[in-house]
1. Which count do you get for residues in the range 195-206 that are near the ligand (Cβ under 10 Å from one of its atoms) and closer than 15 Å to residue 25 by Cα?
2. Out of everything in the range 214-228 that is surrounded by fewer than 23 Cβ atoms within 10 Å (Cβ to Cβ) and touching a residue at least 12 places away in the same chain (Cβ under 8 Å), what residue ends up being nearest to the ligand (Cβ to nearest atom)?
3. Can you tell me which residues in the range 279-297 are surrounded by fewer than 21 Cβ atoms within 10 Å (Cβ to Cβ) and under 24 Å from the mean Cα position of the chain (by Cα)?
4. In the range 392-401, is there at least one residue being more than 16 Å from the ligand (Cβ to nearest atom), under 23 Å from residue 140 (Cβ atoms), part of a strand (DSSP E or B) and out of contact with any helix residue (DSSP H, G or I) (no Cβ under 6 Å at 6 or more places or on another chain)?
5. Residues of the range 13-26 being surrounded by 12 or more Cβ atoms within 10 Å (Cβ to Cβ) and within 27 Å of the chain's Cα centre (by Cα), which ones?
6. Name the one entry in 144, 134 that is over 30 Å from residue 3 (Cβ atoms), within 16 Å of the ligand (Cβ to nearest atom), surrounded by 20 or more Cβ atoms within 10 Å (Cβ to Cβ) and at pLDDT 95 or above.
7. For residue 257, which of the numbered conditions (1) within 15 Å of the ligand (Cβ to nearest atom); (2) surrounded by fewer than 21 Cβ atoms within 10 Å (Cβ to Cβ); (3) assigned to a helix (DSSP H, G or I) fails to hold?
8. Give 73, 80, 84, 57 a once-over and let me know the one that is within 30 Å of residue 431 (Cβ to Cβ) and surrounded by 19 or more Cβ atoms within 10 Å (Cβ to Cβ).
Ligand code: NDP
């Protein structure tokens, strides 16, 4: 049987050799998932949610063990690993309540007819997730789907299968058999899942893979939800608190070693403030602790972007990309970049940020909106009206003013242009895991 090896990205140590799910077994799992879905959907939505909440009590008991595993297999620093686990646990009961509320049947009348809308489960959800938040990403896609009455075939990234298996194992302590099953493997198994007779494909990952999935899912008219990469900008307006902006920039560019879909990768600052801002961001970057990159391919991609930029005239003003050890790469800050450079157009997904001095906010907005990505963006200003007017000119699906991009709890997580296809979170997002049906009767 073919094996999948998983490694500690910091030390290179092989953590486990796992059996890859063979094609035949994947088909058998799908058959079981379809069968289980009928019974699962018969349970009330509250019962389904409660079973999940019960499992989360067990996750709570093992929070530190889970964080240790994330640290070991994905490489994020211990405090960030624990934060990922804790924030997922803390949010779960509210998510459950919001899903239940979003999927309550709704009545509409026009004086002649009464129509009831129902949000029914779709069937089996193939849930394919990346490695950068090995518990957070599966939670986001699987929990609303399960509560809605779907069963799930879950394929974690080949970089973090142990976290995926452990997370599913704990959920399966309370879920009925075959409601949640794990497919172990690489992109090959992902492709098999996409080609199989599932009704819904939920995916978080790169734009390239997302396009591939959409193309293949289209043949079977399968429902698809894609959360893709980003190339987020930070615009610092002339009336911004420069110190706060620099502090945010250092943290949001280098958190999780820059391996976050909404990392700040491009910064635009007014010409007259460039020098002061650069001094401040350097100071705050000194305080940042980063873990390793996930693997050498990701590190090589980042180094190649830096090399190309430097050959094209960009200047490194912080860090030394030559000083790397294993998968480790310390934060790098570049200036004198130009908009057409690959590092300004394509997702970096590493500990690098590019700063551009601009003449005015129009130039900043124009450059922010270049390219196919439009996941998030941030605007800093002490004048809220000013910040809002710039925020509304950005193509990004999510914009933060003087803060990160994620909204108030219960708001959607949404990418625009090439950063997403559908969205999750919020009533509208929870409903995307379902089939809408209506029944109408005379009044
Ligand atoms: P990939 O797209 O490489 O992989 C994502 C998942 O898809 C993995 O499980 C992968 O398997 C699987 N896969 C790979 N090829 C195929 C295929 N042809 N068909 C089906 N499945 C396939 O992304 P990464 O794991 O490298 O994650 C990083 C990316 O995720 C970044 O672009 C980042 O921006 C994005 N992301 C977006 C978020 C958002 O909310 N918008 C949040 C977090 C990350 P395997 O790994 O085993 O090869």
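1. Going through the range 195-206 one residue at a time, the tally reaches 1.
2. Filtering the range 214-228 for residues surrounded by fewer than 23 Cβ atoms within 10 Å (Cβ to Cβ) gives 214-225.
With touching a residue at least 12 places away in the same chain (Cβ under 8 Å) added as a condition, the list becomes 214, 216-217, 220, 222-225.
Working: 214: 10, 216: 7, 217: 10, 220: 14, 222: 12, 223: 15, 224: 11, 225: 11 Å.
Selected residue: 216.
3. Passing the criteria: 288, 289, 295, 296, 297.
4. No; the residues of the range 392-401 include none that is more than 16 Å from the ligand (Cβ to nearest atom), under 23 Å from residue 140 (Cβ atoms), part of a strand (DSSP E or B) and out of contact with any helix residue (DSSP H, G or I) (no Cβ under 6 Å at 6 or more places or on another chain).
5. Passing the criteria: 15, 16, 18, 19, 20, 21, 26.
6. Details: 134 fails: over 30 Å from residue 3 (Cβ atoms).
Every option except 144 fails the conditions.
7. Checking residue 257 against (1) within 15 Å of the ligand (Cβ to nearest atom); (2) surrounded by fewer than 21 Cβ atoms within 10 Å (Cβ to Cβ); (3) assigned to a helix (DSSP H, G or I), the one that fails is (2).
8. 84
The values are calculated or read from the model by the stated rules, or taken from the named source; none is laboratory data. Bear in mind that the values here come from a model prediction, so they are computed numbers and not experimental data. Positions of Cβ are generated from backbone atoms using ideal geometry, with glycine treated the same way; all protein chains shown enter the neighbour counts.
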